[in-house]
Every structure is written in structure tokens, then in C-alpha cells.
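What follows is a set of notes on a single structure, which appears directly below.
Values in this text are rule-based calculations from the coordinates and carry no lab data. Only a predicted model underlies this, so the values are computations on that prediction, with no experimental measurement involved. Don't worry about glycine lacking a Cβ; one is built from the backbone with ideal geometry, like all the others, and counts go over all protein chains shown.
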Amino acid sequence: IGYSIIYLLFALLISVFYIFEDAIFTQESTVKHEKILMQKSLFNPKGEFVEKFSIQPIYSEFVVFNLKRNSEDPYGARVIALEAIHYKNNVMLKSLFIPIKKDIRGYMPLSLALKKFYSFAGDLPVILYNQPFTYTYLNIKLNKEVHMDYVDTMKIAKDIYGKQKVSVADLSKFLNFRNLKYDNLRDSKTIGAIYLDYINTINSVKKKEKKVKLKEERKERRKQKIAELRSQDDKKEKSSKKEEV
């Protein structure tokens with residue numbers, strides 16, 4: 001009888017586990033979607049303006065948005081996840097990683113994943129890579145227009161690195177972020193680093209322009225001073241000539 005009771009209890013436990021299995025794993029996956037990072041932002045200053053560039057807004061707090069993919073073709077790309085990172089004052093505060101491919105644990109439909117991103121981002125400005133890809137892919141998959149204010153780092157990469165039509169993975173290699181190979185947030189961290197490098201490059205250019213301006217102003221002041229001294233000398237000379245006469 002004792003063994004029978006044990007077997008019955010064991011069978012009951014197994015049954016309960018299978019009944020609540022989905023709820024258990026769904027809860028675990030949901031918790032893992034958003035994580036606290038509190039890490040210093042990746043940054044490798046390689047930027048310099050190689051041609052006429054487009055001015056982008058500068059923010060100290062923003063959210064990077066990215067669709068993790070294997071190509072930049074919105075019609076043929078294999079997108080496996082939605083990822084995001086919240087930046088503030090060069091610190092990565094928290095992250096979001098939601099698998100949108102059904103065979104990955106923690107999977108969530110794209111429409112729900114996007115809603116979760118909107119909640120994660122709030123009113124913060126969005127930084128992404130390749131806006132045409134992002135919008136086209138979302139519009140196709142969701143069958144509706146998706147509106148989002150953004151800064152496109154693909155344009156920035158062209159302006160400060162001279163890189164055109166390359167993947168985020170290529171830019172990660174260019175910036176020597178070799179330790180991100182197995183990091184789920186590699187692309188978002190790289191996009192964030194590109195934007196921070198743009199800010200650094202803009203600030204460097206402004207400092208140089210300020211130095212040049214100050215130098216020109218000092219030069220102009222010296223010219224004015226010399227002109228004033230010469231004018232004074234001329235007046236003195238004329239005055240002394242009048243006295244002689």
C-alpha cells in the first residue's frame with residue numbers, strides 16, 4: 001500500500017507539471033525578455049567626416065531598436081529576434097531581447113513583441129540601422145503602416161566611416177568588437193556605438209571649428225590693434241609737423 005501511494009503521488013506530480021508546463025516556461029521566458037545591464041557603453045572612436053554629411057539630432061538618452069537578421073533585404077531576410085537597449089549618459093541601462101522565430105524558446109509574435117518594445121522605449125528617441133529595411137519588413141509582416149521617430153545610423157556610417165550598404169556585423173568587425181561574437185545584443189551594441197561615435201565626431205569637429213574661429217578672432221583683433229597704433233602714430237606725426245610750422 002505504501003508503494004502504491006508513493007507511485008500515485010509521483011504520477012500526480014507529473015500530471016500537475018504537464019498541466020502548468022506552458023505557464024511555467026512562458027513566465028520564465030517573459031522574465032528573460034528584459035534584463036538590467038548597467039554596463040558602460042561600447043565605444044571605439046574611428047569617426048571622421050569623409051564627405052558632406054547630414055546633421056542628426058544628438059541625444060544623451062535614447063533607445064536602440066534592431067531586428068536581428070541575416071541580410072539587409074526586407075523581402076528575403078531571416079529575422080529571428082527583436083532587440084533593444086536603453087542608453088543614458090553613455091551607460092547601457094537595460095535591454096530587451098524577444099525571439100520572434102517560433103522554434104526559439106521565449107517566442108513572441110512580432111505584433112506583441114513590437115508592443116512590448118513601445119512600452120520599453122516610452123517617449124525616448126529611437127536609434128536604428130537601415131530604416132528602409134525596418135519599415136518595409138514591419139509593414140509587410142504586420143500588414144499596416146508603422147510610424148516611429150528615428151535616427152538612422154546607416155547614414156551615419158556612410159558619413160563618418162565611408163561605409164555603404166554593409167551589415168551591422170561588418171561594422172562590428174570594423175570597430176573591432178570581437179568579443180561580441182556570441183552576444184545576443186551584438187547588433188544593438190554596435191548600433192549604439194556608431195551613434196555615440198557620431199556624437200564624439202561632431203563634438204570634435206565643433207572643437208576644431210571653435211579653435212579656428214578663436215584663432216581668426218585673435219588675428220583680427222591684432223590687425224585692428226596694429227591699425228589703431230598706426231593711426232595714433234600718424235596723428236602724432238601730423239601734430240608734430242604742425243608744431244614745427
Query raised in the report: Restricting to the stretch 178-199, what's the tally of residues that are over 19 Å from residue 62 (Cβ atoms) and of a type in the set (A, V, I, L, M, F, W, C)?
Result: 1
Requested in this report: Report yes if some residue within the stretch 228-245 is exposed (fewer than 10 other Cβ atoms within 10 Å of the Cβ), farther than 25 Å from residue 95 by Cβ, β-branched (Val, Ile, Thr) and free of Cβ contacts under 8 Å to residues at least 40 places away in the same chain; otherwise report no.
Outcome: yes
Report summary line: Among 179, 184, the single one that is surrounded by fewer than 21 Cβ atoms within 10 Å (Cβ to Cβ), of a type outside the set (A, V, I, L, M, F, W, C) and assigned to a helix (DSSP H, G or I) is 179
Report task. Scan the stretch 108-128 for residues that are free of Cβ contacts under 8 Å to residues at least 40 places away in the same chain, in contact with a helix residue (DSSP H, G or I) (Cβ under 8 Å, 6 or more places away or on another chain) and farther than 11 Å from residue 67 by Cα and report the count. Result -> 1
Query raised in the report: Just one of 79, 166 is farther than 26 Å from residue 53 by Cβ and either within 19 Å of the chain's Cα centre (by Cα) or surrounded by 15 or more Cβ atoms within 10 Å (Cβ to Cβ) (or both); which is it?
Result: 79
Report task. Look at residue 87 and say whether it is in a strand (DSSP E or B) and either touching a Leu at 6+ places or on another chain (Cβ under 9 Å) or surrounded by fewer than 13 Cβ atoms within 10 Å (Cβ to Cβ) (or both). Result -> yes
